[in-house]
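The values are calculated or read from the model by the stated rules, or taken from the named source; none is laboratory data. Everything quoted here is computed from the prediction, not taken from an experiment. As a convention, Cβ positions derive from the backbone with ideal geometry for all residues, glycine included, and neighbour counts pool all protein chains shown. Keep in mind that these areas ignore ligands, DNA and RNA; they rest on the heavy atoms of the full protein, side chains included. Shrake-Rupley method; radii C 1.70, N 1.55, O 1.52, S 1.80 Å.
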Amino acid sequence: MSFGKWLSLGVGLVAAVLTAVFLFLDPTPPLPIWGNGVSIRIGIAGVFGGLIGLAHWLVMSRFNAELRRLTCHVEVLTKSDVSDLTLEPGMGLAPLALAVEQGMQHLRQRTQKLVSKRRELEIQLRIAEAERRHAEAVLNSIADAVLVTDAFNELALANKAAASVLNFDLGFSRRRPIDEVLDDRALVKLIKDTREGAPSVANLRRHVEHRLTRNGREHVYDVTVAGIGGDAADSEAAAGDGHDALGVVTVIRDVTREREIAEMKSDFVSSVSHELRTPLSSIKAYVEMLVDGEAHDEQTRAEFYNIIQSETNRLSRLIDNILNISRIESGVVRVQREQVSLPSLIREAIDVMLPQARARNIELKDVSAPVFFQVFADKDMVYQATLNLLGNAIKYTPKGGRVTTSIVVDEAARVVRVSVQDTGVGIPPEDVPHLFEKFYRVHQHKKLAQGTGLGLNLVKQIIETVHGGTMTVASEPGKGSSFTYSLPLADNI
Ligand code: ADP
């Protein structure tokens, strides 16, 4: 039996007991048939109690039915989007139904607002994520190292270049304090100082030269640190008011190469001026002697003319080198290709360099095997390249050394290789990759011989840019060097 039925039974029993008590309290018989009326009173109390219990059960059943209807209605309203289900429950439940319906409507409106707010936030999140990815892609496309720290000196953004230059793990460093991310105390201090002390616009952006050792080599960096405000427009105002910046953008640019080039250029200018001045002063001195009539006899005059001629040649060679390189680089050089016999070209070059080699007691020999082949090249240019290599070999080989030329034909690769090998001072391995750069001179060699650092660059331009060949070098400090150029065999051109 259900709880409702038990309850109605209980109510009926209570009503019967109360009626019986009430009837027994009044001893006066209301009717002549009443007698002592015990059984009648119990009967009436029983019937009354039964009626009350029945009435209670009927009312409760109806009430429960209405309540179930209301519950179903609320469930329908909760589970579906339907909002116009109207219910008019009896049993005085109408106000409750109305209140529930109003409550539901209110809840529904709030839910709808929350759903649309959530959608809006999801869209904003997606946009923010896309923007973050875009910002990261932009940052990563920048070759300079970029770090962005926030108001708590935590790393907000960084690019791959920053992780590589400053040696930290990009994945694990975001949102971590900058002093935990970077080992470089000086840089950390600079970033913190910039955030905390931006008392004037002048201090807002600072350039600092910073040196770091990477892979055993010292690099020079130009570090730009800039305090940022709430937005770009605020930043100057924030700094002007003396507030702490909300973050700091640090850009680290490797200027090692620029510094080296600047140094090389200034070395080049002084070397070129020196190289130009030496023959010029000599020409000037001999011309003055001739003008002053200091050359009394024909033989002295002829000697002076010879010196003037050779110095003029030297001067024009230097100027030619500079002009040739710039012509090749700008693509305006005129290339006159013809069948060239490399063995005779090398012999010619050796003949020209022989006096120079003899003057330094250097043996100059050619060990090429007699093979037949043809190259189709600009003879003057290849001759110039060979002369430069021979000249260097003689210049950087101590007295009593040996310079050997050789030609090897590689039929399989369809190239011919010409090598100029010396027993000279050799080249330190760290200088080898830079040898063919313009103006580059090995530091230790500067006192050995005068030079401009242009000769090998011109050789490389002639062999590779003009003729599509290759230029290689092998060297061992203290033992000697071997410079080799390869040119395509004639039918390959
Ligand atoms: P330079 O006028 O200084 O000789 P180059 O461009 O011809 O200029 O050579 C660049 C540098 O390469 C030289 O300064 C020298 O240090 C080095 N070098 C070139 N050839 C040799 C060689 N045969 N032996 C040793 N060092 C060499």
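Working out 0.36 nm times the residue gap between E411 and L246, then minus their Cα-Cα distance, what length gain in nm do you get to one decimal?
Working: separation 165, 0.36 × 165 = 59.40 nm, distance 6.86 nm.
Gain on stretching E411 to L246: 52.5 nm.
Heavy atoms only, 1.4 Å probe, whole protein assembly: order D491, D179 by accessible area, highest first. Each step should come with its number before you reach the end.
Values: D491 115, D179 55 Å².
Greatest to least solvent exposure: D491, D179.
Rounded to the nearest 500, what is the chain's calculated 222 nm mean residue ellipticity when only DSSP H runs of at least 4 contribute -39500 (n - 2.57) each, over all residues?
On the way: 14 runs with 263 residues, N = 493.
Only helices count here, giving -18000 deg cm²/dmol.
Modelled label-to-label distance, S330 and R360, 7 Å Cα→beta-carbon offset: nm?
The answer from the label model is 3.3 nm.
Quick one: if you stick a label point 7 Å off each Cα along the C-beta vector at L25 and C72, how many nm between them?
Roughly 4.5 nm, to one decimal.
Rounded to the nearest 0.05, what FRET efficiency do V38 and L98 have when you use their Cβ-Cβ distance and R0 = 41 Å? Numbers along the way, then the final one.
Values: r = 52 Å, r/R0 = 1.28.
With a Förster radius of 41 Å, E is 0.20.
Restricting to the chain, what percent of DSSP beta bridges are antiparallel, rounded to 5?
Roughly 95 percent of the DSSP beta bridges within the chain come out antiparallel.
Relative contact order for segment 334-488: what is it in percent, counting Cα pairs under 8 Å that are at least 6 residues apart?
Working: 290 pairs, mean separation 36.6, N = 155.
Reported relative contact order: 24 percent.
What does the accessible area of K284 come to, in Å² to the nearest 10, when a probe of 1.4 Å is used?
It works out to around 130 Å².
Given a cut-off of 32 Å, name the pairs among K365/K446; K438/K479; K192/K438; K117/K189; K160/K447; K284/K365 whose C-alpha atoms lie farther apart than that in the structure shown.
Numbers: K365/K446 26 Å; K438/K479 25 Å; K192/K438 42 Å; K117/K189 43 Å; K160/K447 42 Å; K284/K365 37 Å.
Violating the 32 Å Cα-Cα cut-off are K192/K438; K117/K189; K160/K447; K284/K365.
How large, in percent, is the carbon and sulfur part of the accessible surface of the chain at a probe radius of 1.4 Å?
58
Provide the solvent-accessible area of S116, counting protein heavy atoms only and rolling a 1.4 Å probe, rounded to the nearest 10 Å².
Estimated to the nearest 10 Å², S116 gives 60 Å².
Can you give the accessible area per residue of the chain, in Å², using a 1.4 Å probe? Don't skip to the answer; put the middle values down first.
Working: 29180 Å² over 493 residues.
Accessible surface, normalised per residue, equals 59 Å².
Mind checking which helices in the chain clear 18 Å along their axis (Cα) and have mean Kyte-Doolittle hydropathy of 1.6 or more, DSSP H runs only? Provide the component values of the computation, followed by the final result.
Working: long enough: 3-25 (33 Å, 2.00); 38-79 (60 Å, 0.77); 94-141 (69 Å, -0.61); 256-291 (51 Å, -0.20); 298-330 (47 Å, -0.59); 342-359 (26 Å, 0.47); 379-395 (24 Å, 0.08).
Span-like helices here: 3-25.
In Å and on Cα atoms, what radius of gyration and Dmax does segment 260-328 show?
Both quantities, over Cα of segment 260-328: 15.8, 52 Å.
Please name whichever of T149, N167, A135 sits farthest to the positive end of the charge dipole of segment 124-169, dipole taken about the Cα centre and charges placed at Cβ: Lys and Arg +1, Asp and Glu -1.
Of T149, N167, A135, it is A135.
What area, in nm² and to one decimal, does the C-alpha convex hull of the chain cast on average over all directions?
The number I arrive at for the chain is 53.6 nm².
For V409, V352, give the ranking by accessible area with the largest first, probe 1.4 Å.
Details: V409 40, V352 80 Å².
Ranking V409, V352 by accessible area, largest first, yields V352, V409.
Can you pull the one-decimal nm distance between simple spin-label points at A449 and R211, each 7 Å off the Cα toward Cβ?
Those two pseudo-labels are separated by 3.2 nm.
So what does the Cα-only Debye profile of segment 109-188 read at q = 0.16, 0.23, 0.26 Å⁻¹, as log10 I(q)/I(0), no solvent term?
So the normalised log intensities are -0.67, -1.04, -1.20.
If one computes the Cα centroid of segment 393-425 and of segment 333-365, what distance in Å separates the two points?
Each part reduced to its Cα centre gives a spacing of 12 Å.
Given the peptides 162-170, 369-377, 129-137, arrange them by the average over their residues of other C-beta atoms within 10 Å, most packed first.
On the way: 162-170: 17.1, 369-377: 14.6, 129-137: 11.0.
So the peptides 162-170, 369-377, 129-137, ranked by packing, come out 162-170, 369-377, 129-137.
Quick check for me: using +1 on Lys/Arg Cβ and -1 on Asp/Glu Cβ, what's the dipole size of segment 334-488 about its Cα centre, in debye to the nearest 20? Could you put the intermediate results ahead of the total?
Working: 18 positive and 15 negative charges, 98 e Å.
The dipole magnitude comes to about 460 debye.
Apply 1/(1 + (r/R0)^6) to the Cβ-Cβ distance of H134 and R175, taking R0 = 25 Å, and write down the FRET efficiency to the nearest 0.05. If you can, show how the numbers build up before the last one.
Values: r = 20 Å, r/R0 = 0.79.
Efficiency, rounded to the nearest 0.05: 0.80.
Tell me, what is the FRET efficiency for F63 and Q124 to the nearest 0.05, using R0 = 41 angstrom and their Cβ-Cβ distance as r?
On the way: r = 50 Å, r/R0 = 1.23.
After rounding, the FRET efficiency stands at 0.25.
Could you tell me the center-to-center distance, by alpha carbons, between segment 290-331 and segment 120-169 in angstrom?
The distance from the Cα centre of segment 290-331 to that of segment 120-169 comes to 61 Å.
Got a sec? Charge dipole of segment 260-299, +1 on Cβ for Lys and Arg, -1 for Asp and Glu; which of V287, Q299, A262 is way out at the positive end?
A262
Can you tell me the dipole magnitude for the chain around its Cα centre, using point charges on the Cβ only (Lys, Arg +1; Asp, Glu -1), in Debye to the nearest 20?
Working: 56 positive and 61 negative charges, 327 e Å.
In total the dipole reaches around 1560 debye.
Return the long-range amide H neighbours of I228 (sequence gap of 5 or more, or a different chain), with a cut-off of under 5 Å between placed amide H atoms.
Close amide H contacts, sequence-distant or interchain: L246, G247, V248, V249.
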